[in-house]
4 protein chains.
Amino acid sequence: MSHKKMLETYPKDLGGIDVDKLADCIAACFECAQVCTACADACLSEDMVTDLTKCIRTNLDCADQCATTGRALSRHTGYDANLTRAFLEACAAACKACADECEQHAEMHEHCKVCAEACRRCEQACRDLLTSLG
Amino acid sequence: MSHKKMLETYPKDLGGIDVDKLADCIAACFECAQVCTACADACLSEDMVTDLTKCIRTNLDCADQCATTGRALSRHTGYDANLTRAFLEACAAACKACADECEQHAEMHEHCKVCAEACRRCEQACRDLLTSLG
Amino acid sequence: MSHKKMLETYPKDLGGIDVDKLADCIAACFECAQVCTACADACLSEDMVTDLTKCIRTNLDCADQCATTGRALSRHTGYDANLTRAFLEACAAACKACADECEQHAEMHEHCKVCAEACRRCEQACRDLLTSLG
Amino acid sequence: MSHKKMLETYPKDLGGIDVDKLADCIAACFECAQVCTACADACLSEDMVTDLTKCIRTNLDCADQCATTGRALSRHTGYDANLTRAFLEACAAACKACADECEQHAEMHEHCKVCAEACRRCEQACRDLLTSLG
């Protein structure tokens, strides 16, 4: 996995962050950004799209916040734990909202099931990293 | 300004949000995303780039969070005030961090001065909208 | 407009690019990114969303490409005209596709009318800048 | 890999696209977006950052275009092969430019070596998908 290699090749100190939890969270954010983008589009192609408009919107918000958080976590220069915390809290909130919504459609739509799982993994990865930051 | 026209043409109710504060915050987010992207690049072209690495990093984080927040605020379907609050808090934090950093270079670098001002405007617009959400 | 101030404060040479056309194109890209994001969401809230799914998809693609192009045009360090051309061509194509689609709904939905106009402006700004690059 | 599951759960026809090449290209785009973001930041933390400013800029452009292309490829509603081609061409150009630049620093900086490899993989995945589109 290239994101782990990139962490190993960073030329300075990573500032005492838990590197395994950081790596997991980066991977979860990029995965969730992709899955939410795809789920929004799959919902859009369902015959019952009218029932999925809130789901699409939450998918789009979650995709954007996960992308932003995954990028911010990929940067270590001038590390600021307070800012990292703010990104992780927004990301956990977006993932929770999207998982809550997708779970309501998970029995009927397999893409919502896969997406809810990716959102829960990312929410948990954000919370685990938050806890490790103290 | 097209973002105001877009707010006027939204086909459903905007959910009781303060439309003027919302419009100001959307504009501030997109402006700040552009200015921070440009400031990161201007810093990169300074002879003294070595002194500006933390500024560049903070610019990049702020550009990403402002873009995500500006997009989320441009969506109204299935409005969720809790999620809006989470985005606004992360964005205010990113703008504050970037303004604090850019202000330290504002006397020497005009781009940092312009950027610090855009960040402060966006931070304030986020806080004003947060307050109006109750 | 802060993007013009940022162009003025760039510390090195801008590489002979037409600065007015560049400034216009940056503004058009960021405007179009916002308007397309809002149009996708407004379409999603229309009762006839079923007829607007292709429009929503094209809006989302166009919003992403305009954001990427607007950011790339905001960077001048290590300027590479070939890369600038590639971004502008993709952006003009995305804007044309979105304008073509939105125009079909412009009489019925005001947000599609505003969006089609923003897409045409951005398409033209990209083409004007492409022409000036030679 | 969740992006493959998402392709399998898409509710309509994928429009005759080569699904394996599509899946490879989506994965390559998201990987390259992450690696380029991390490489820009690693370059920023090198003592010799002054020699890496063009590399950082190319990294940032490539990260943005890969993210946009990876998202567009994750959407299938209202599929338009011409637009897909435009995104893939811009992405291959951005990946080539970044790989060319990173390769010049690959012996000295391991992160540039890893990044050049991710860019070449993504460039190739874009070209393979382009070829399959006919």
The lone condition C:Leu83 fails out of (1) within 18 Å of D:Thr58 (Cα to Cα); (2) in contact (Cβ under 8 Å) with a residue 24 or more places away in the chain; (3) surrounded by fewer than 24 Cβ atoms within 10 Å (Cβ to Cβ); (4) not small (Gly, Ala, Ser) is (2)
Output the number of the condition that B:Cys122 fails; it satisfies all remaining conditions of (1) within 11 Å of chain A (Cβ to nearest Cβ); (2) more than 28 Å from D:Glu46 (Cβ to Cβ). (1)
Among the residues of segment C:39-90, how many are of a type outside the set (A, V, I, L, M, F, W, C) and closer than 30 Å to D:Cys102 by Cβ? 18
Looking at A:Thr58, A:Thr77, can you tell me which residue is on the phi < 0 side of the Ramachandran plot, part of a helix (DSSP H, G or I), polar (S, T, N, Q) and at pLDDT 95 or above? A:Thr58
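Residue-wise test of (1) acidic (Asp, Glu); (2) over 29 Å from A:Val49 (Cβ atoms); (3) surrounded by fewer than 24 Cβ atoms within 10 Å (Cβ to Cβ).
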| position | (1), (2), (3) |
| --- | --- |
| D:Asp41 | yes, yes, no |
| D:Leu44 | no, yes, no |
| D:Asp47 | yes, yes, yes |
| D:Asp51 | yes, yes, yes |
| D:Thr69 | no, no, no |
| D:Tyr79 | no, no, yes |
Report yes if some residue within segment D:95-102 is more than 8 Å from every other protein chain (Cβ to nearest Cβ) and within 20 Å of A:Gln34 (Cβ to Cβ); otherwise report no. yes
In segment C:52-78, what residues are among the small types (Gly, Ala, Ser) and either touching a Lys or Arg at 6+ places or on another chain (Cβ under 9 Å) or facing chain D (nearest Cβ under 7 Å) (or both)? C:Ala63, C:Ala67, C:Ala72, C:Gly78
How many residues does segment C:103-119 contain that are surrounded by fewer than 20 Cβ atoms within 10 Å (Cβ to Cβ) and within 9 Å of another protein chain (Cβ to nearest Cβ)? 3
Which members of segment C:86-134 meet the condition of being in contact (Cβ under 8 Å) with a residue 24 or more places away in the chain, more than 19 Å from D:Asp64 (Cβ to Cβ) and among the acidic types (Asp, Glu)? C:Glu101, C:Glu123, C:Asp128
May I ask you to list the residues in segment C:15-40 that are closer than 16 Å to C:Met108 by Cα and either among the basic types (Lys, Arg) or without any contact (Cβ under 8 Å) to a residue 24 or more places away in the chain (or both)? C:Ala40
I need the full set of residues from segment B:1-46 which are facing chain C (nearest Cβ under 8 Å), out of contact with any His (no Cβ under 9 Å at 6 or more places or on another chain) and assigned to a loop (DSSP other than H, G, I, E, B), in order please. none
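The values are calculated or read from the model by the stated rules, or taken from the named source; none is laboratory data. Everything numeric in this text was worked out from a predicted model, so none of it was measured. Glycine gets a Cβ as well: all are built from the backbone with ideal geometry, and neighbour counts include every protein chain shown.
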